[in-house]
Every structure is written in structure tokens, then in C-alpha cells.
1. Show me the helices (runs of 4 or more DSSP H) found entirely inside the stretch A:152-247 where at least 2 residues are away from chain B (no Cβ under 14 Å), at pLDDT 85 or above and closer than 30 Å to A:V272 by Cα.
2. Tell me the residue from A:D61, A:D34 that is assigned to a helix (DSSP H, G or I), modelled with pLDDT of 80 or more and either under 23 Å from A:A265 (Cα atoms) or of a type in the set (D, E) (or both), please.
3. Is one or more of the residues making up the stretch B:140-155 more than 14 Å from B:L234 (Cβ to Cβ), in a loop (DSSP other than H, G, I, E, B) and within 13 Å of another protein chain (Cβ to nearest Cβ)?
4. (1) over 22 Å from B:V23 (Cα atoms); (2) within 14 Å of chain A (Cβ to nearest Cβ); (3) not hydrophobic (A, V, I, L, M, F, W, C): which one isn't true of B:P220, the others all being true?
5. If you scan the stretch B:145-157, which residues turn out to be touching a residue at least 12 places away in the same chain (Cβ under 8 Å) and crowded, with 17+ Cβ neighbours inside 10 Å?
6. Which residues, counting only those in the stretch B:241-258, are more than 10 Å from chain A (Cβ to nearest Cβ), farther than 25 Å from B:S152 by Cβ and crowded, with 18+ Cβ neighbours inside 10 Å?
7. Among the residues that make up the stretch B:167-175, is at least one of them of a type in the set (K, R) and under 30 Å from A:L28 (Cβ atoms)?
8. Tell me whether the stretch A:39-50 contains one or more residues that are closer than 21 Å to B:L146 by Cα and either in contact with a Phe, Trp or Tyr (Cβ under 6 Å, 6 or more places away or on another chain) or of a type outside the set (V, I, T) (or both).
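The values are calculated or read from the model by the stated rules, or taken from the named source; none is laboratory data. Quick caveat: nothing in here was measured; it's all calculated off a predicted structure. Glycine gets a Cβ as well: all are built from the backbone with ideal geometry, and neighbour counts include every protein chain shown.
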Amino acid sequence: MRWVTIKSLRAVLTMWLVVTFVFFVLRLSGDPTDVLLPDDIDQATRDFYRTLWGLDAPLWDQYVSYLRGLAHGDFGISFRNNQDAFQLVRDRVPKTALLGGTAIAIALLLGVPLGVLAALYRDSWLDRTVMGLAVFGFSMPNFFLGILLILIFSLQLRWLPSSGSGTWWHLIMPALTLGTGFAAQIARYTRSSMIDVLSKPYMRTARSKGAGPARRVGLHALPNASVPVVTILGLKVGEMLGWAVVTETVFAWPGIGRLLTNAVATRDLAVVQCIMIVLAFTMVSANVIVDLVYGWLDPRVRVGAGARQR
Amino acid sequence: MSVIDRPLAARRRWRIPGGVPLVVALAMGFMALMFVVMIFAQLIQPYAFEHIDLMNRMTPPLPLEGADWRHPLGTDKLGRDLFSRLLIGAQTSMLLALLGTCIGAVLGIALGFFAAHRGGLLDEAIMTLVDFQAAMPWFIIALAILAFMGNSMLIFILIMGLYGWEAYARVTRGLVLGAREQGYALAVRGLGAKPRWIYLRHVLPNISGPLLVQLTINFPNTILFETSLSFLGLGIRPPMTSLGQMLGEGRDYLINAWWLAVIPGAVIFFTTLSMSVLGDWLRARLDPSLEN
């Protein structure tokens with residue numbers, strides 16, 4: 001229980017730090033009304049908007065009232081169209097979740113089996129091919145892969161749509177673009193971890209008990225080997241969100257990333273801040289989930305954490 | 001359980017004289033070329049990279065029909081020579097990545113030493129900062145900062161420098177804590193050397209291998225960081241150019257001039273690929289814990 005408390009406290013602290021950091025950096029970058037309003041507007045109108053958006057108060061008061069608003073679930077209103085910022089962001093979440101979820105599924109379904117195979121047939125041609133492809137996979141810039149896919153499958157072969165999100169066909173290329181880099185990384189970590197596990201004494205025990213190869217790999221090796229892979233997956237969520245922004249831009253996928261690039265281009269402070277909070281929340285909860293899965297996969301983590309506190 | 005990433009040991013065959021694997025030699029060659037471009041781009045370029053020639057717009061690169069020897073890689077929508085632009089773009093990207101990596105390395109290594117040396121509350125504070133940096137979606141925050149702060153080179157370099165410092169800090173701290181108790185460090189301490197002297201002259205050279213490996217991991221990521229931001233139109237902006245900015249511009253002409261996007265994209269890809277190959281090779285050589 002204390003373990004959970006400490007983890008959640010840390011998560012809340014991280015969230016608060018991100019919110020604070022983003023708040024001050026964005027506020028210090030200049031007066032948003034300079035950009036949002038026409039140059040020749042009269043001072044009275046400017047003051048009206050500054051009051052409306054709460055920009056006239058001292059920075060510290062703005063920060064306090066901002067935090068107070070957040071505590072009540074008030075994320076502010078969009079400077080552009082006076083809509084609730086949170087509403088705008090929430091409408092985009094399913095699209096990004098769909099894209100990200102599919103990409104993670106691709107990464108796992110591709111990366112884990114390939115990594116396991118590479119480890120089982122270590123130093124064979126299979127291992128070399130998989131690992132060679134993995135180096136290609138994670139060196140490939142996301143935006144470049146996306147453009148190559150568009151060139152080949154949309155412009156040359158005319159099989160897949162190059163942008164938008166109407167049908168399942170639209171999902172294929174963005175999800176592949178986002179997923180392959182992570183598949184490559186996961187394949188590498190799975191291989192390393194499997195190689196480690198395969199040399200452990202309990203693998204010999206399993207063998208001497210008469211367990212078949214499938215049972216040994218599936219039941220004895222894989223659960224143990226997956227612990228570091230899960231850790232990596234948690235650490236990579238932030239990176240993945242960054243790449244999602246790029247991927248969504250390449251394929252005009254109407255998710256949070258597109259909203260962010262648009263909001264950033266129009267200096268829509270409230271929306272940008274809201275997106276930051278949502279993304280930070282996603283990362284923090286991903287880490288909490290990873291910690292939980294970690295404890296489930298490796299009972300020593302739970303026991304160890306309990307023992308240390310005593 | 002620690003997370004390990006075990007690079008593939010190079011095959012015994014396929015080596016050039018000197019014992020370096022062929023793939024690694026190719027990667028070294030490409031990186032050497034990139035460094036030559038980084039230093040001498042202005043001398044090599046046949047045209048000024050911003051030179052506009054409206055009579056020769058959108059000519060294709062050489063093997064294609066309609067290509068022109070005067071523009072071996074073709075020209076863009078304003079008739080600017082793609083080869084010259086590629087040189088300058090590569091120079092900008094390489095310089096920024098190098099600068100960003102160095103700032104991150106110096107900052108991270110210094111803080112890592114500091115944390116290990118002082119211990120206690122300062123150590124805690126630095127490691128909390130490390131965790132915080134690792135827990136932030138830094139790319140996205142950078143995107144927002146750049147968009148709001150405007151087109152400032154200084155801020156862009158600072159942001160790139162802050163990217164990845166936490167990895168150096170974590171690695172350095174761990175290594176220093178380990179190295180401090182080893183015979184040689186204890187011996188020079190016994191001889192009365194000051195901590196700064198011990199760290200700089202004795203500990204740093206001894207832990208430089210893993211730090212170098214960290215550098216090779218960080219460098220391609222920094223290149224991707226810069227090119228991605230520039231691709232989105234937020235990093236390097238016109239009239240300056242970088243590989244990412246060129247790719248972002250070329251993206252609008254995929255239908256009739258695919259090379260405008262593909263050529264700079266390929267250069268980015270080969271740079272990160274070469275660096276990853278080199279990094280793996282270095283790691284396999286320098287990190288004895290990976291051998292078995």
C-alpha cells in the first residue's frame with residue numbers, strides 16, 4: 001500500500017512540475033494578444049481580451065488561479081473560438097488513442113516474436129537478418145518513412161489513402177509509420193533479455209524436468225524476459241507521443257498532435273496547456289501501469305518494495 | 001532488473017584489413033563525409049544555397065530525364081540548386097546535433113559528477129531533476145516553447161542541449177560511484193590529490209568508454225530531434241535550411257518532384273544509421289559486460 005502511495009505522489013509531483021514548467025515558459029514568451037489580435041486594434045479592445053483571458057493579473061496570480069481552475073476541472077477556454085479547451089482536446093483523444101494503440105500493437109506483435117526468434121537462433125542468419133532490420137527500423141526517421149510509404153502506396157500503387165482518417169484503410173500507413181521504429185527497439189530488447197534469461201539455471205531445470213521447447217520458451221523464459229521489455233515500453237511512451245505528433249502531421253491524422261501543431265501555430269495558450277496536461281497525464285499513467293504490470297510479472301518487486309520500507 | 005540492450009557482435013568474415021567489419025567501415029566513411037561537409041560545405045557548394053534561378057525550376061536529379069549537369073541533384077521550386085542546399089542543410093543539422101550533444105554531455109556529466117561527489121540532498125535533488133526530465137514529453141514541450149518563443153537560434157540550441165542530458169547524468173553518477181572506491185582513485189586520494197584533480201585526471205578517463213557509447217546513442221537522437229522540429233516548421237526556418245527543413249518543404253511536391261523530399265530524407269537516414277552502427281560496434285568493443 002505504501003508502495004502505491006509513493007508511486008502516486010511521485011506521479012502527482014511530476015504532473016505538477018510539467019504544468020508549472022509549461023505555464024511559466026509559455027507566459028514568459030510574450031503577450032499572446034500581440035499575435036492573436038490585429039496590430040492596429042485600439043487599447044480598449046486589447047484590454048478587454050486581456051481581462052477575458054485573465055492575462056492582466058500579475059503572473060503569480062494567474063498561476064494560482066490557473067491551478068485553482070485545474071483543480072475544478074476548468075482548463076480555460078480556447079483563445080481562438082471560445083470553446084472549452086478540454087472539450088476540444090477530448091474530441092481528439094480517440095483518434096490519437098486509436099493510432100497509438102495500433103502502433104503499440106504492431107510494435108509488440110512484430111517486435112516480441114522476432115526478438116524471441118533472434119535470441120533462440122542466436123548468431124544464425126535469422127538473428128543477423130532480424131537485428132540488421134532492427135537497426136534500419138530505429139534509424140529510420142518517422143517522417144521519412146511516412147513520406148516513402150505515401151510515395152509508394154498512395155502515389156505509385158494507389159492502394160492506400162495518403163491522408164485523413166475516414167476508414168480503416170486510413171489507419172494502416174500512419175500506424176505502420178509510428179509502429180515500426182518501436183517494433184525494432186522492442187525486438188532488440190526482447191532479444192537481449194531472452195539471451196540473458198535462456199542462460200539462467202531455471203531454464204536448465206525446466207529442461208531436465210522434461211518440459212518441451214515450446215513450454216520452456218512460452219512459460220519459463222518469456223514471462224521473465226518480458227520484464228525489461230515492459231520497462232522500456234513505459235519509458236518510450238513520451239518518445240512515442242512526440243513521434244505521434246510528427247506522424248499525424250505527415251498523414252493529416254486529426255488527433256491531438258494535429259491539434260497541437262495548429263494550436264501552437266495560432267498561439268492558443270489554453271489549448272496548448274491543456275494538451276500538455278493531457279500528455280503528461282498519459283505518460284504518468286503509462287508509468288503507473290508499467291509499475292503495476294512489473295509487479296505482476298515479477299513478484300520480487302512487490303516483496304522487495306515491502307521489505308525495503310520495513 | 002536492469003535493462004540491457006545487447007548489440008550484435010560483428011560477423012568474423014566481411015572485414016576490411018585492420019579488423020574492422022565492412023559495415024562499420026562504411027558507416028565510418030559516411031560519417032567522415034558528413035564531417036567534411038560540416039566543415040567545408042561553403043567551399044564545396046557550386047552555387048550559393050539561397051541563389052534563386054527562376055529559369056531552371058524543378059529540374060530533376062541526374063539519372064532522370066530532363067536533368068542538367070549544372071544541377072546534379074536538380075533544383076527546387078525557386079530554381080535553387082538542391083546539391084548546394086543539401087550541403088548547407090547537412091552542415092546545419094550536423095553542427096546543431098554536435099552542439100546539442102556536447103551541451104547535453106557536458107551538463108549531464110558535470111551534474112553526474114556533482115551528484116556522486118556531494119551525495120545527500122544535492123544528489124537527491126539532481127536525481128529528481130533527472131527523473132523529471134525523463135518523465136517529460138520533451139519533444140512536445142520543445143515544440144510549444146519554440147512556437148511561442150519564436151525564431152531564436154539561441155533558444156533552439158538550448159533546447160537541443162537540454163535534450164538527453166539526463167542519460168549522461170545517470171550514467172556518470174553510477175560510474176563515478178563505482179570508480180571512486182577502486183584502487184587507483186583511493187591511491188591518488190591517499191597521495192593528497194584534490195577531488196577535482198582526481199575526478200578530471202583519473203576518474204573521467206577511466207569512465208570515458210561508456211560515456212562515449214552514450215554519446216553515440218544520443219547523437220542520432222539529437223539529429224532526429226532537430227530534423228523533426230525543423231520538418232514541422234519550428235526548428236530551423238527559412239531563409240536558413242537544414243535537412244529537416246528541406247524535407248518539410250519537399251513534402252509539398254511529392255507528386256511531381258519526389259526527390260525534393262527523398263534526397264534529404266535519405267541523408268538523414270544514412271546519418272542516423274551510420275551513427276547507430278558505429279555506436280553498436282563501439283559498445284561491443286568498449287563494454288566488457290556485454291561479452292559472454
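1. Qualifying helices (runs of 4 or more DSSP H): A:168-198.
2. When all the criteria are applied, what remains is A:D61.
3. No, the stretch B:140-155 has no match at all.
4. So B:P220 meets the others, but not (1).
5. B:I145, B:L146, B:A147, B:F156
6. Selection gives B:A257 alone.
7. yes
8. no
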